[in-house]
Amino acid sequence: MDLLCISDDMTDTAHYVTVSFIVKEYTGEPRTMEPETILEWKWFDLDNLPSNLYSASGKCIEKYKSGIIYQ
């Protein structure tokens, strides 16, 4: 696993720190650990992402596309 980025975001009511990693091998199915706030996890092609992407995820995906990965 390599660190991709750390996103620090604030809203009027909350502060979020999101840590994203690049995983080179993965087995199993993603599952929702906070069903009251996250309805589901899905895999998407980088060129076909949904419009309602979580903003911190979008920042980290843009970092990935730029080719900057911390190893």
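Computed from the coordinates by the stated procedures, all read-outs in this text should not be read as laboratory data. Owing to the predicted nature of the structure, the values given are computational and were not obtained by experimental measurement. FYI the Cβ positions are ideal-geometry reconstructions off the backbone, even for glycines, and counts take in every protein chain you see.
Numbers for the structure displayed
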| item | result |
| --- | --- |
| Out of E29, E34, E40, sole residue that is of a type outside the set (K, R), touching a Ser or Thr at 6+ places or on another chain (Cβ under 8 Å), more than 18 Å from M1 (Cβ to Cβ) and part of a loop (DSSP other than H, G, I, E, B) | E40 |
| Evaluation of S20 against (1) touching a helix residue (DSSP H, G or I) at 6+ places or on another chain (Cβ under 7 Å); (2) small (G, A, S); (3) in a loop (DSSP other than H, G, I, E, B) (one fails), failing number | (3) |
| Selection from segment 43-57 of residues that are small (G, A, S) and either over 14 Å from the mean Cα position of the chain (by Cα) or not in a helix (DSSP H, G or I) (or both) | S51 |
| Test: D2 is closer than 14 Å to S57 by Cα, over 12 Å from the mean Cα position of the chain (by Cα) and of a type in the set (D, E, K, R) | no |
| Residues of segment 1-10 that turn out to be over 16 Å from L53 (Cα atoms) and either touching a residue at least 12 places away in the same chain (Cβ under 8 Å) or among the β-branched types (V, I, T) (or both), as a count | 6 |
| Conditions (1) more than 13 Å from the chain's Cα centre (by Cα); (2) part of a helix (DSSP H, G or I); number of the one not met by C60 | (1) |
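Conditions tested, residue by residue: (1) surrounded by 10 or more Cβ atoms within 10 Å (Cβ to Cβ); (2) β-branched (V, I, T).
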| position | (1), (2) |
| --- | --- |
| C5 | yes, no |
| D12 | no, no |
| Y16 | yes, no |
| S20 | yes, no |
| T27 | no, yes |
| I38 | yes, yes |
| F44 | yes, no |
| G58 | yes, no |
| Y64 | yes, no |
